[in-house]
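*Asks:* Can you keep this structure in mind? I'll have questions shortly.
The values are calculated or read from the model by the stated rules, or taken from the named source; none is laboratory data. Everything numeric here is computed off the predicted structure, so don't read it as measured data. Cβ coordinates were reconstructed from backbone atoms using ideal geometry, including for glycine residues, and neighbour counts include every protein chain displayed.
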Amino acid sequence: MTGTRIRLTACGKRYADGTRALEPVDLEVASGETVVLLGPSGCGKTTTLRIIAGLLAPDAGGRVRFDDDDVTALPIERRNVGMVFQSYALFPDRSVARNVAYGLEVRRVPRVERDERVASLLRLMRIEHLAHRAIGTLSGGQRQRVALARALAPRPRVLLLDEPLAALDAKLRDTLRVEIDALLRSLGVTAVYVTHDQAEAMALGDRIVVMDAGRIAQVGTARDIYLRPANRFVAEFVGTANRLRGVVRDGTLAVAGGTIAVGGDDGDAEILFRPQDAEPVEPSAAQLRGRVVRAHFLGDRLRLIVEGIGDEPCVVETAGALAFAAGDEIGLRLHADRVLRALA
């Protein structure tokens, strides 16, 4: 299976009632790349996926291309895309094997080739023992594996996945996330994956497209998005960001709990920092001082809720071997190179 490059140009969507679901966006997905569309409900990510699929037409002027082919006017059945949904959308009156074979039957693939391809995909998904089972007897994880196999059977140019793990429990989501990642990389298929789950996006995406209010807020690797967010929305949506407001004088920001060297012009300022970028230290070496109001032991790390540093409580994460309890005084030092200042 070979990957297809996807290119969206000025693809927006306004409905007849005037509702703007998607501002005109430009996006390119490389051949064999997995791109994750990440954002809250109503941000435009599913609309973008449906435009790629051919389930929605973009507004006038928008174009969708697969490699050099303009597929804007083609319906979904002529684009050769595979789709996997949160709801599975399997046929209850067909066995597992016949569900996987459905797209091949529609395309009139010869019986011998069809049977070989179905058997191969059932082995790949580790569900060959379920071939003759009815869909109603399967667990959620088994149904999602069937849905993936069915989407891949016709060897689609593009694989589109819309919140495929949202209905599963946390442990099964983690398991299938690893399996889907390995599967996509082994097949080399181009995939666009929609989710609101940050961990899912960071685990699966070669690149992540963060969407907000029908616009693309940032495109980048998981590391780029997390460490170098383009704006405040990205910083606060992806991971946790603490916010401190104060006044800068001579490059030093003064806040309730102490001072921090931030550089820049004098005046009112705001910085953001991640929970792991504040290190507990001895009071004599601390930039900031506060009081622990809650301490949550998470095994490999300790999550502290600290008051007295700024206007709002801050979240600090540190090594699980350290011991803090509610009421403890704490000194913190920020890693200056990771402080985010004045994001719009």
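*Asks:* How many residues does the stretch 271-284 hold that are in a strand (DSSP E or B) and either surrounded by fewer than 18 Cβ atoms within 10 Å (Cβ to Cβ) or not assigned by TED's automatic domain parsing to the domain that holds Phe324 (or both)? If you could, list the steps in order and put the result at the bottom.
*Replies:* Here is the first cut: in the stretch 271-284, the residues in a strand (DSSP E or B) are 271-273, 278-281.
Retained after the next criterion (residues that are either surrounded by fewer than 18 Cβ atoms within 10 Å (Cβ to Cβ) or not assigned by TED's automatic domain parsing to the domain that holds Phe324 (or both)): 279, 281.
Residues in the stretch 271-284 being in a strand (DSSP E or B) and either surrounded by fewer than 18 Cβ atoms within 10 Å (Cβ to Cβ) or not assigned by TED's automatic domain parsing to the domain that holds Phe324 (or both): 2 in total.
*Asks:* Okay, next question. Out of curiosity, is Arg173 under 26 Å from Val109 (Cα atoms) and of a type in the set (D, E, K, R)?
*Replies:* Considered against the rule, which asks whether it is under 26 Å from Val109 (Cα atoms) and of a type in the set (D, E, K, R), Arg173 comes out as no.
*Asks:* Can we say Leu161 is touching a residue at least 40 places away in the same chain (Cβ under 8 Å) and assigned by TED's automatic domain parsing to the domain that holds Gln198? Write out each step before concluding.
*Replies:* On the way: touching a residue at least 40 places away in the same chain (Cβ under 8 Å): yes; assigned by TED's automatic domain parsing to the domain that holds Gln198: yes.
Answer is yes for this residue.
*Asks:* Further question on the same structure: List, please: which pairs have Cβ atoms under 7 Å, are six or more places apart or on different chains, and start with a residue in the stretch 236-255 that is touching a residue at least 12 places away in the same chain (Cβ under 8 Å) and end with one that is of a type in the set (Phe, Trp, Tyr) and surrounded by fewer than 21 Cβ atoms within 10 Å (Cβ to Cβ)?
*Replies:* Val238/Tyr226; Gly239/Tyr226
*Asks:* Could you tell me whether Arg126 is farther than 20 Å from Asp93 by Cβ and modelled with pLDDT under 90?
*Replies:* Against the criterion (farther than 20 Å from Asp93 by Cβ and modelled with pLDDT under 90), Arg126 qualifies.
*Asks:* Among the residues of the stretch 237-258, count how many are β-branched (Val, Ile, Thr) and in a strand (DSSP E or B).
*Replies:* 4
*Asks:* I'm trying to understand the selection: among the residues of the stretch 77-98, which are within 28 Å of the chain's Cα centre (by Cα) and surrounded by 16 or more Cβ atoms within 10 Å (Cβ to Cβ)?
*Replies:* Passing the criteria: Arg79, Asn80, Val81, Gly82, Met83, Val84, Phe85, Gln86, Tyr88, Leu90.
To keep it simple, each residue is scored yes or no on (1) touching a Ser or Thr at 6+ places or on another chain (Cβ under 7 Å); (2) part of a loop (DSSP other than H, G, I, E, B); (3) surrounded by fewer than 17 Cβ atoms within 10 Å (Cβ to Cβ).
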| residue | (1), (2), (3) |
| --- | --- |
| Gly299 | no, yes, yes |
| Leu302 | yes, no, no |
| Val306 | no, no, no |
| Ile309 | no, yes, no |
| Glu317 | no, no, no |
| Gly331 | no, no, no |
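*Asks:* Here is a further query. If I filter the stretch 12-22 for residues that are within 23 Å of Leu176 (Cα to Cα), hydrophobic (A, V, I, L, M, F, W, C) and surrounded by fewer than 18 Cβ atoms within 10 Å (Cβ to Cβ), do I get at least one hit?
*Replies:* no
*Asks:* Further question: So Arg126 ticks every box in (1) in a helix (DSSP H, G or I); (2) in contact with a Lys or Arg (Cβ under 8 Å, 6 or more places away or on another chain) but one. Which box is left unticked?
*Replies:* Of everything listed in (1) in a helix (DSSP H, G or I); (2) in contact with a Lys or Arg (Cβ under 8 Å, 6 or more places away or on another chain), Arg126 misses just condition (1).
*Asks:* Next up: Mind checking whether some residue in the stretch 259-268 is of a type in the set (S, T, N, Q) and assigned to a strand (DSSP E or B)? Spell out how you get there, then give the answer.
*Replies:* From the stretch 259-268, those of a type in the set (S, T, N, Q) are 259; that's our starting set.
Next cut, assigned to a strand (DSSP E or B) only: 259.
Yes, some residue in the stretch 259-268 is of a type in the set (S, T, N, Q) and assigned to a strand (DSSP E or B).
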